[in-house]
Every structure is written in C-alpha cells, then in structure tokens.
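This report concerns only the one structure given below.
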Amino acid sequence: YLGDFVQGTVDSIHDLAPLLARVNPRHGSFCVIGNHDIWKGRDVVTRALSREGLTVLVNKGLSLTHDGAPFFLAGVDDCWSGRPDLAAAMSDWSGERCALLLSHEPDPADLYSADSRITVQLSGHSHAGQVRIPGFGSPFLPPFGEKYDMGLYRVRDMWLYTNRGIGVTVPIRLNCRPEVTLVTLKG
C-alpha cells in the first residue's frame, strides 16, 4: 500500500486498517506512509496498520522469496513531509537481483533510479490529478507528483509505476477513474 490512508480525520484508520488486513497476499502486506498520514497523525496510522499485521516500511527493507527467487522490498519515508533515506532503506540489501521500492511520491524516481540495485519503484500520491483534460493532462498535480503523474515509466534502468489510487483530495474525478493495481512478480 502506497500511503495516504487518512485525509479527513486520523481516526478513520481504525476502520480502514482491518479492511486492508483482510487482503491476504502470499508474502504479507507492506506499506509506506504518505503526506496526509503524517499531517493527520503518523504514529496513530502506523500503530493501527501494524496492529492489523501490515508491515510499515519507513526507510527500511527486507529480503523475500517468490517462487524460489529472492528479491528485496524497501520503503522510504514520505518526501514532502517526512525524511526519506534511501541508503537506510537499502542497508539490508544482500545482493538480490531484483529490488522493489515503495515511495509514496513518484517524482523522486529521478534520484532513486541512480541506485542501480532498484528494479521497480511503485508510487501513488498524485491521484493523476483527479481531473484529466484530453490532450493536456491534469492542471491539478501535487508537489512531487507532477512529472510522473500516472502509469508506467522507464527512468534510467528502473521501472516506475504511479497508481491513480481510489481516494480523492477533493470529491471529484473527471476522465480519471480510480485504480487498484495488481502487481504480479515473475521469477
């Protein structure tokens, strides 16, 4: 999960976290914190997610294995309101061929892609602007979500996917459907 679990009130995490915990991926549920989570109450959000069995990766990483192939999963803190530290997130990397990075905001991909260990970065944050004008894009993109606002990109040798998300900052979406993305790892 790519962050911004709460917006209106931090207490809504107590309703959301148990629902997220019902999703049962093979390797567990992992997440990073977004700017809204920090603004409303990072500690409350982190505790609620952790209590429900979700692993919150704040400048941390861990080794996992999928179908016999090892890979590394890392998460950095929010770059707008937190303190992202890619070196700390990758400090436990032990040579896995594939490293996936969870970063709430997509635009730091320009920096993160300089680390040749990272194969894929998964991000959210932008909501793709929520309003899309054909032939133009969105006039409403947030800081750190302006360059890579939605979809798949190649940044140096790293792939970046920016998810449009299912929530909204303001209650409108025009030409910008909500999105849940399923990423399938292949060894």
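The values are calculated or read from the model by the stated rules, or taken from the named source; none is laboratory data. Given the structure is predicted, the values throughout are model-derived calculations rather than measurements. Heads up, the Cβs are rebuilt from the backbone with ideal geometry, glycines too, and the neighbour counts pull from every protein chain shown. Keep in mind that these areas ignore ligands, DNA and RNA; they rest on the heavy atoms of the full protein, side chains included. Shrake-Rupley method; radii C 1.70, N 1.55, O 1.52, S 1.80 Å.
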* Asked: With the stretch 112-187 as the region, which strands (runs of 3 or more DSSP E) entirely inside it contain at least 1 residues that are exposed (fewer than 15 other Cβ atoms within 10 Å of the Cβ), touching a helix residue (DSSP H, G or I) at 6+ places or on another chain (Cβ under 9 Å) and not hydroxyl-bearing (Ser, Thr, Tyr)?
  -> 151-155
* Across the stretch 82-110, what is the number of residues that are without any contact (Cβ under 8 Å) to a residue 24 or more places away in the chain and either β-branched (Val, Ile, Thr) or in a loop (DSSP other than H, G, I, E, B) (or both)? -> 1
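Report whether or not Cys79 is within 14 Å of the chain's Cα centre (by Cα), modelled with pLDDT of 95 or more and assigned to a loop (DSSP other than H, G, I, E, B). Steps first, please.
On the way: within 14 Å of the chain's Cα centre (by Cα): yes; modelled with pLDDT of 95 or more: yes; assigned to a loop (DSSP other than H, G, I, E, B): yes.
Taking the combined requirement at face value, the residue satisfies it.
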* Going through the stretch 39-55 one residue at a time, which ones are β-branched (Val, Ile, Thr) and either open to solvent by 60 Å² or more (accessible area, probe 1.4 Å) or part of a helix (DSSP H, G or I) (or both)? -> Val44, Val45, Thr46
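Name the single residue that is surrounded by the most Cβ atoms within 10 Å (Cβ to Cβ) among those in the stretch 19-38 being β-branched (Val, Ile, Thr) and in a loop (DSSP other than H, G, I, E, B). Outline the logic, then answer.
Keep residues of the stretch 19-38 that are β-branched (Val, Ile, Thr), which gives 23, 32-33, 38.
Restricting the remaining residues to those that are in a loop (DSSP other than H, G, I, E, B) gives 23, 32-33.
Working: Val23: 9, Val32: 30, Ile33: 26.
Applying the filter and picking the extreme gives Val32.
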* **Asp15 open to solvent by 10 Å² or more (accessible area, probe 1.4 Å), among the acidic types (Asp, Glu) and in contact with a Phe, Trp or Tyr (Cβ under 9 Å, 6 or more places away or on another chain)** => no
